[in-house]
Amino acid sequence: MTHEELQPQPFILVQGQRVGLGALRRDLIPTYLKWRSDPEVLRGTGEASQVPTDEAMQAWYEQATSPGNRDVHFTIYDLDDLAPVGTALLVRVNQHAGTAEFGLTIGERRNQGLGTEATKLVLDWAFTVMGLHNILLVTFSWNLPAIRAYSKAGFREIGRRRGAVVTYGQRYDQVLMDAVADEFTDSVLAKQAPPRATPGHP
């Protein structure tokens with residue numbers, strides 16, 4: 001049996017042009033830990049002082065995949081070779097209000113547009129599948145590439161919390177951005193909806 005045959009083929013839930021979204025996978029826990037331990041990821045999440053561990057990552061995975069958890073977690077794949085390149089999530093989901101908060105980690109193949117497309121696909125899931133209306137994200141003022149990528153994907157800056165984050169001893173603003181369903185027009189999933197029945201025809 002070849003090495004390729006040993007690798008499980010991911011089940012892609014949402015497929016764009018270059019990016020696919022699938023569920024979290026237990027066999028990828030070491031990969032998730034590697035990404036979380038990357039200094040650039042730690043800095044981008046505001047957790048540069050944290051030391052990720054195997055135990056913490058196992059606990060995160062169990063909590064994220066527990067049946068009663070309302071949060072939505074994805075593994076991001078590069079469709080060129082189905083390599084996992086990151087994770088994305090929707091947390092603090094409030095179905096009544098139609099809101100959630102978005103987060104993204106790109107652990108591999110950065111600066112290739114994969115994060116922007118993954119963000120669009122997660123928004124598509126939030127609006128088209130979950131029926132949500134408003135998605136919030138929080139990033140940092142020093143992270144200009146992320147702000148540009150989120151803007152391309154459909155987010156808009158709605159405000160700043162001044163000096164609310166410390167990165168390597170320096171204070172920066174938290175940047176609040178949101179995306180709303182009424183402004184989201186590039187839906188991949190809406191095209192997969194079954195046709196509406198013609199009146200008088202089942």
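Here the condition is being touching a strand residue (DSSP E or B) at 6+ places or on another chain (Cβ under 9 Å) and farther than 29 Å from Leu42 by Cα; of Val175, Val129, it holds for Val129 alone. When the stretch 107-117 is filtered for residues that are modelled with pLDDT under 95 and open to solvent by 30 Å² or more (accessible area, probe 1.4 Å), the ones remaining, listed by number, are Glu108, Arg109, Arg110, Asn111, Gln112, Gly113. Being at positive phi, open to solvent by 80 Å² or more (accessible area, probe 1.4 Å) and free of Cβ contacts under 8 Å to residues at least 40 places away in the same chain: is that true of Arg70 here? Answer is no for this residue. Please indicate, with yes or no, whether at least one residue in the stretch 55-64 is open to solvent by 40 Å² or more (accessible area, probe 1.4 Å), among the acidic types (Asp, Glu) and farther than 28 Å from Gln17 by Cα. Scanning the stretch 55-64, I find at least one residue that is open to solvent by 40 Å² or more (accessible area, probe 1.4 Å), among the acidic types (Asp, Glu) and farther than 28 Å from Gln17 by Cα, so the answer is yes. For Asp173, the criteria (1) over 27 Å from Pro10 (Cβ atoms); (2) part of a helix (DSSP H, G or I) hold in every case but one, which is (2).
For the stretch 155-173, the set of residues classified as at pLDDT 95 or above and either closer than 20 Å to Ile106 by Cα or in contact with a Leu (Cβ under 8 Å, 6 or more places away or on another chain) (or both) consists of Phe155, Glu157, Ile158, Gly159, Arg160, Arg161, listed by residue number. Look at the stretch 152-163: where a residue is touching a residue at least 24 places away in the same chain (Cβ under 8 Å) and a partner is surrounded by 14 or more Cβ atoms within 10 Å (Cβ to Cβ) and of a type in the set (S, T, N, Q), sitting 6+ places away or on another chain with Cβ atoms under 8 Å, you get Lys152/Thr116; Ala153/Thr116; Ala153/Thr119; Gly154/Thr119; Phe155/Thr119. Among the criteria (1) within 24 Å of Val175 (Cβ to Cβ); (2) modelled with pLDDT under 95; (3) under 15 Å from the mean Cα position of the chain (by Cα); (4) open to solvent by less than 60 Å² (accessible area, probe 1.4 Å), the one Gly46 does not fulfil is (3). Annotation note: Cβ proximity below 8 Å between a residue of the stretch 82-94 that is at positive phi and among the hydroxyl-bearing types (Ser, Thr, Tyr) and a residue that is open to solvent by less than 20 Å² (accessible area, probe 1.4 Å) and modelled with pLDDT under 95 (sequence gap 6+ or interchain) occurs for no pair. Please verify whether the stretch 88-110 includes one or more residues that are assigned to a loop (DSSP other than H, G, I, E, B) and under 20 Å from Ser151 (Cβ atoms). Yes, there is a match, as at least one residue in the stretch 88-110 is assigned to a loop (DSSP other than H, G, I, E, B) and under 20 Å from Ser151 (Cβ atoms). Right, Lys120: outside any loop (DSSP other than H, G, I, E, B) and open to solvent by 70 Å² or more (accessible area, probe 1.4 Å) or not? Here the answer is no, as Lys120 does not meet what is asked. Pairing residues of the stretch 51-63 that are closer than 18 Å to Leu90 by Cα with residues that are open to solvent by 90 Å² or more (accessible area, probe 1.4 Å) and part of a helix (DSSP H, G or I), at Cβ distances under 7 Å and at least 6 apart in sequence or on separate chains, gives Tyr61/Arg26. Residues that are under 28 Å from Val166 (Cβ atoms), aromatic (Phe, Trp, Tyr) and open to solvent by 30 Å² or more (accessible area, probe 1.4 Å) within the stretch 123-149 comprise just one, Trp142. Do we have any residue at all in the stretch 127-136 that's aromatic (Phe, Trp, Tyr), in contact (Cβ under 8 Å) with a residue 60 or more places away in the chain and within 25 Å of Gly20 (Cβ to Cβ)? Yes, the stretch 127-136 contains a residue that is aromatic (Phe, Trp, Tyr), in contact (Cβ under 8 Å) with a residue 60 or more places away in the chain and within 25 Å of Gly20 (Cβ to Cβ).
The values are calculated or read from the model by the stated rules, or taken from the named source; none is laboratory data. Because the structure is predicted, anything quoted here is derived from the model rather than measured. Quick reminder, even Gly has a Cβ in these numbers, built from the backbone with ideal geometry, and neighbours come from all protein chains shown. Note: areas computed on protein heavy atoms with side chains; ligands, DNA, RNA excluded. Shrake-Rupley method; radii C 1.70, N 1.55, O 1.52, S 1.80 Å.
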